[in-house]
Amino acid sequence: MTPNPQTTATMAAFGFPATLIADHRWWAVLLRPKQPTLGSLVLAAKVDVTAFSLLPQEAFAELADAVRAIESSLKAFCGYERINYLMLMMVDPHPHFHVIPRYSGSRSFESLELPDHGWPGPPALERAVALDALQKAALVPRLRTLWPPQYRATS
């Protein structure tokens, strides 16, 4: 039996639905509330399982589309030089990736300026900037505009 896509507690922990940028059938792309670099996201499976291997085959197939959309949209947004996908299912148990665009120097959006403190090594997650409500409210719609229309979330 294949489970149906649904909202998970992990998605809620990352601010769903307010942080939703893109909505695939099996995956949700969310703004990461703590930004180690500008444009950091969470790619969360919409399935109530706690092991990556338990996702349905359809979710694995759709993962390719989600990754392509993430990379093209973030390239347009922040011109990253590298991109990291971290699957860290210790606190939030459902399959999800922290998507961290990487760059030398810093990137800015409105009054927010974020250097990549870990460049060129691992991302410095402990130095992430917690976004306030106004920053989230500005970033989410801006990122949505860059997504392919068929996946773009609506308010």
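The values are calculated or read from the model by the stated rules, or taken from the named source; none is laboratory data. This structure is a prediction, so every number in the text was calculated from the model and none was measured. Because the Cβ atoms are built from the backbone with ideal geometry, glycine has one as well, and the counts that use them run over all protein chains shown.
The table below lists the values:
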read-out	value
Unique residue being over 19 Å from Trp27 (Cα atoms) and of a type outside the set (Val, Ile, Thr) when the list is Arg152, Arg82	Arg82
Qualifying positions in the stretch 19-45 - within 13 Å of the chain's Cα centre (by Cα), of a type outside the set (Val, Ile, Thr) and assigned to a loop (DSSP other than H, G, I, E, B)	His24, Arg32, Pro33, Pro36, Leu38, Gly39, Ser40
Segments classed as strands (runs of 3 or more DSSP E), wholly inside the stretch 96-137, with at least 1 members that are modelled with pLDDT of 95 or more, under 18 Å from the mean Cα position of the chain (by Cα) and within 19 Å of Met11 (Cα to Cα)	96-102
Residues of the stretch 62-120 that turn out to be surrounded by fewer than 13 Cβ atoms within 10 Å (Cβ to Cβ) and of a type in the set (Val, Ile, Thr), as a count	1
Residue pairs meeting the criteria (Cβ under 6 Å; at least 6 apart or on separate chains; first basic (Lys, Arg), in the stretch 127-155; second surrounded by 11 or more Cβ atoms within 10 Å (Cβ to Cβ) and assigned to a helix (DSSP H, G or I))	Arg152/Arg144
